[in-house]
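Contents: one structure, followed by commentary.
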Amino acid sequence: MNKHNILFIGLDTHKEFVEVAYIEDQRGAQAVHFGRVSSAKASIIKLARQFQSKYPEATLHFVYEAGPCGYWIYRLLTSLGHCCYVIAPSLIPKKPGEKVKTDKRDALKLAKLLKSEDLTAIYVPEPEDEAIRDLSRARETAMKGLKDAKYQLKALQLRNNINYRGTANWSLKHLRWLTELILPHPSQQIVLQEYLQTISERIARLKRLDNELEHHVKKWRYYPVIKAIQALRGVRLLVAAGVIAELGDLTRFDHPRKLMSYVGLVPSEHSSGGKRHVGAITKCGNGRARRLLVEGAHSYRYPAKISTEMQIRQEGLPKEIIDIAWQAQLRLCRRYQKLTYKGKHNNVVVTAIAREIIAYIWAISREVVLTNVNPKLRLSRVPA
């Protein structure tokens, strides 16, 4: 048996099984279909041992697509000491005439593309980082559900020509006014009561998730970064926790422009010959982080100043971080006014500010030193 340096193994993962193919690190080598194995933990460990025994001198490089099955295969294989890559499905090269797609072909294709270095690996969060991200996303889902319930109730009022004469919607006074409404038909009254009950339940759910997120974030290893970036204007705890939970370690980007592109806040471009056309932002990458940044960018429409709340958030932070935050506020407030004076659309202005906010977040995160996680000491609950 020939000795090879690397063995490239493609995995097409599914809920119940995994399709496996491999190719040797040798010129002219052909990809080989290994077969189908169970997606249980023991089967994946056995698969790695089989390749180790067959190619004892080779380094195993596994690859599979990111999907709903999560990252447990990546964490399992890296804890065993093997190289593993999780690939973005949208960045896999595809031939225009390729019309046949099967699990076997996908596994063979992944192995061949990994060997030719034509795949783009994604960032895989640690289990505790993913847990905080799940909590942050659950909180966002609860907020969306609450907004939907409010829209449904307001639509019911609009259809029946019922208008609230107060000033603050969804205040305690407004909610008391809603409970006193009498609709003309008993069936509509039932609908109103159900909507009110749904809103009350979702408000309580959102409050519980807010409390849990605040509690668990303070125990998270990224909390020093979250505390530091709250020195920026428009970046409070929920925005800071959401951005870091979605993006993870920002120091893996060696330049802020790469982070801007990763979030999808850079303009698209189509240039050819002497013509150059710059379009809307690409909207690639993480949409949740992009939405949070745009939400925080609205606060820069006011003049630069240090409020009492911001001063409290900056207490105990190093002078370098506070200086970066003040520099960011001076620049972004001035830029907001300048772009508005030029007649730019408000959405364009806010997006431009959000693009620069992520650059300052990147700069502050580089001032905070964190400890790395050893993959072999990683704690994760993987199904047997």
Once exposed loop chymotrypsin sites (Phe, Trp or Tyr not before Pro) are cut out (DSSP; at most 16 other Cβ, 10 Å), longest piece of the chain: 171-384
Along the chain, longest interval not containing exposed GluC sites (Glu not before Pro), exposed being DSSP loop plus at most 16 other Cβ atoms within 10 Å: 181-314
Spin-label pair H185/L172, simplified geometry with 7 Å Cα→Cβ offset, distance in nm: 3.6
Computed [θ] at 222 nm, helices only, for the chain once each DSSP H run of length n ≥ 4 contributes -39500 (n - 2.57): -16500 deg cm²/dmol
Efficiency of FRET from Cβ geometry, L330 and Y302, R₀ 22 Å, rounded to 0.05: 0.95
Size descriptor, Kirkwood hydrodynamic radius, that averages inverse alpha-carbon separations across the chain, Å: 24.8
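Can you list the trypsin sites (Lys or Arg not before Pro) in region 108-190 that are in a DSSP coil and have 10 or fewer other beta carbons within 10 angstrom?
For trypsin sites (Lys or Arg not before Pro) across region 108-190 that sit outside H, G, I, E and B with at most 10 neighbouring Cβ atoms in 10 Å, the list reads R165.
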Karplus-derived 3J(HN,Hα), 6.51/-1.76/1.60, for each residue of region 91-108, Hz, glycine and proline x: 9, 7, x, 9, 6, x, x, 7, 10, 9, 10, 9, 4, 5, 4, 5, 5, 4
Distant-in-sequence amide H partners of Y85 (H built 1.01 Å from N, under 5 Å): F62, V63, Y64
Per-residue SASA entry for T179, accessible area with 1.4 Å probe, Å² rounded to 10: 90
Whole-Hz ³J(HN,Hα) from phi, Karplus 6.51 cos²θ - 1.76 cosθ + 1.60, for region 338-353, glycine and proline x: 5, 5, 5, 5, 6, x, 5, 5, 4, 5, 5, 5, 5, 5, 5, 5
Gaussian network model of the chain, springs between alpha carbon atoms under 10 Å - residue of A280, A297, A325 with greatest fluctuation: A280
Label-point separation in nm, S90 to E16, each point 7 Å along Cα→Cβ: 3.1
Length released on extending from L370 to Y164, taking residue separation times 0.36 nm less the Cα-Cα span: 69.0 nm
Sites H277 and Q30 - FRET efficiency at Förster radius 25 Å, r taken between beta-carbons, to 0.05: 0.05
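The values are calculated or read from the model by the stated rules, or taken from the named source; none is laboratory data. Here the structure is a predicted model, which is why all the values come from computation and not from measurement. Neighbour counts run over all protein chains shown; Cβ positions are idealised from the backbone, glycine included. Side chains included, ligands, DNA and RNA excluded: accessible areas come from the protein's heavy atoms. Shrake-Rupley method; radii C 1.70, N 1.55, O 1.52, S 1.80 Å.
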